[in-house]
Amino acid sequence: MAAGGSCKLRSVAARVVQVIRVDAIWLATEPVDMRAGFDTLLARVIKVFGAAQPHHAYLFANRRANRIKVLTHDGIGTWLAARRLHQGSFVWAHPALHGHLSLSDEQLAALVLGLPWQRVGPDGVITVL
């Protein structure tokens, strides 16, 4: 590929990253059927959170917590991403404890790696649950 083509690809990638800006991250604690698509998850967001806010990401997991889906509203449309673990499970909040939770960027990073994100506090401080 020519050097000009590589520059164009980086420019397009930078614009895509700007489109999917995430200001708030919400975790739905009730399990979701992973066959659910955009419409079903958007309906769940509206039911659980009241509305799909622009630049907010909404995380859902299946009952075994080995699969997650993230629905993001970018202000124009919605994006849907999925992740599956081949072994183990994501550390998820118990549905009886909370209906939904807000996560920080650091907590999201820990969650998708399978780490105990509940223990990640502001500035990396570990807190007791």
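The values are calculated or read from the model by the stated rules, or taken from the named source; none is laboratory data. Predicted model only: the values in this text are computed from it and were never measured. All Cβ positions, even for glycine, are placed from backbone atoms using ideal geometry, and neighbour counts span all protein chains on display.
Within the range 73-116, the set of residues being β-branched (Val, Ile, Thr), modelled with pLDDT of 85 or more and part of a loop (DSSP other than H, G, I, E, B) comprises just one member, Ile76. Just one of the listed residues (Ala43, Ala51) is small (Gly, Ala, Ser), at pLDDT 55 or above and loosely packed, with under 10 Cβ neighbours inside 10 Å, and it is Ala51.
All of Arg21, Arg63 fail the test of being surrounded by 10 or more Cβ atoms within 10 Å (Cβ to Cβ), part of a loop (DSSP other than H, G, I, E, B) and modelled with pLDDT under 90, apart from Arg21. When the range 66-81 is limited to residues that are touching a Ser or Thr at 6+ places or on another chain (Cβ under 9 Å) and under 18 Å from Ser104 (Cα atoms), the one that is surrounded by the fewest Cβ atoms within 10 Å (Cβ to Cβ) turns out to be Thr72.
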